[in-house]
1. I'd like to check something: does segment 102-109 contain any residue that is within 16 Å of the ligand (Cβ to nearest atom), in a strand (DSSP E or B) and either at pLDDT 95 or above or within 21 Å of the chain's Cα centre (by Cα) (or both)?
2. Which residue is farthest from the chain's Cα centre (by Cα), if the candidates are limited to segment 204-213 and must be of a type outside the set (Val, Ile, Thr) and away from the ligand (no atom under 11 Å from the Cβ)?
3. Out of Thr232, Thr259, Thr302, Thr239, which single residue is among the β-branched types (Val, Ile, Thr) and surrounded by 23 or more Cβ atoms within 10 Å (Cβ to Cβ)?
4. Being without any contact (Cβ under 8 Å) to a residue 60 or more places away in the chain, closer than 21 Å to Ile144 by Cβ and within 11 Å of the ligand (Cβ to nearest atom) is the filter here, so list the residues in segment 214-238 that pass it.
5. Pick out the one residue from Leu18, Leu28, Leu10 that is surrounded by fewer than 19 Cβ atoms within 10 Å (Cβ to Cβ) and more than 25 Å from Lys116 (Cα to Cα).
6. Only one of (1) in contact (Cβ under 8 Å) with a residue 12 or more places away in the chain; (2) of a type in the set (S, T, N, Q); (3) surrounded by fewer than 20 Cβ atoms within 10 Å (Cβ to Cβ) is not met by Gln168, so which one is it?
7. I'd like the residue in segment 69-93 that is more than 24 Å from Cys53 (Cβ to Cβ) and assigned to a loop (DSSP other than H, G, I, E, B) and, out of all such residues, is nearest to the ligand (Cβ to nearest atom).
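The values are calculated or read from the model by the stated rules, or taken from the named source; none is laboratory data. From a predicted model like this one, the values you see are computed outputs, not experimental measurements. In this analysis, Cβ positions are derived from the backbone assuming ideal geometry, glycine residues included, and neighbour counts consider all displayed protein chains.
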Amino acid sequence: MTVSKEVRRLWQLPENELYRLSAESCNLNYGNKVFLRGLIEFSNFCFRDCTYCGISIHNKNLYRYRLSENEIIDCCKNNYEQGFKTFVLQGGEDLSFTDDTFCSIIHGIKKATSGKAAVTLSLGNKPYSSLKKYREAGADRYLIRFETSDPEIFHQIKPNENFRDRLQTIDNLNKLGYESGTGFLIGLPGETENTVINNIALTVELNPHMVGIGPFIPHPETPLKNCNTGNTGIVKKATAILRILLPEINMPAATASSTADSNLRRELLEIGANVLMPNIGPNKNKINYQLYPGKSCINFSTDFADMQKAVNDAGKIISMNIGNSKIKDLENIKTKGAI
Ligand code: SAH
């Protein structure tokens, strides 16, 4: 059966049956553990003109900030001492961070954590040569969502990016030995049920180690300000189908989901998500990393308490383990000749 047919078959299942299967699949692979990743939003400067994103050049009413190299490394060091073993550096596409700067930051984090913490990057679409440099500097994982599988919609929301290039990047990440992460938005204008089904099928075909999806939330300072927030029921359904089709991936319950619906984080953990990404950056900057309005994680303590509650309510426990993807573990075993 083709991937697309299998997605359609799962899409037709009664929801309670679908969620039972996805919860079972998550439990088989990750038990009741939820991995934590420390997220650092290092800059909200961005030269891109993505029509959905609140830190794109469309937003003229935003205080722009960037963290220094030392601030980023210190933040990882302090949080490593608190138990975090994975750091995700995400930012706007800020040209003042060169490849050399990123390599130096990666080296700095590895040194500050005795090489024991995983470094994940989410820097947008980068050429193969840059991805190779970051990998050689020690980066372990890279997140880049394709956002939508429909090339027409992609062109509307990212007028200056090339759809095929973005897909190629995901392939490049796999070739370079990263744990690759991708995913998409739910509820972009022009999207139909078919688009979501194709988004899921494309995700499966890209062979990622991690998948993050979330509802689109319109930002008032962007061209899409009058659109609706993505349907959270569809976020649930897509999460469940992805967990069934890609049982070994790491899958966060994204912050946008809990912003759109305060119960959604718990619900996603119950049906297949196994990762949370608390924002460990300086509190003063969080309000300005405005991908969308109403962001729920602008104070570490309250945000962390909310996450703990969602994990408890979902009947799970937090794990501070490095949380490698099971897919990668298997590949490692294979290359060592054990299987
Ligand atoms: N520039 C980087 C990082 C983008 S921010 C890149 O292109 O990969 C990370 C993710 O936030 C994006 O991939 C997008 O899916 C999500 N995002 C951006 N704006 C959003 C919005 N208005 N609502 C919900 N999610 C959004």
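1. No, that holds for no residue.
2. Glu205
3. On inspection, the qualifying residue turns out to be Thr239.
4. Within segment 214-238, Gly214, Pro215, Gly230, Val235 qualify.
5. Leu28
6. Failed condition: (1).
7. Phe84
Rundown of residues vs (1) under 20 Å from the mean Cα position of the chain (by Cα); (2) in contact (Cβ under 8 Å) with a residue 60 or more places away in the chain; (3) within 16 Å of the ligand (Cβ to nearest atom), yes/no style:
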position	(1), (2), (3)
Ser4	no, yes, no
Trp11	no, yes, no
Pro14	no, no, no
Ser22	yes, yes, no
Asn29	yes, yes, no
Phe35	yes, yes, no
Ile40	yes, yes, yes
Ser43	yes, no, yes
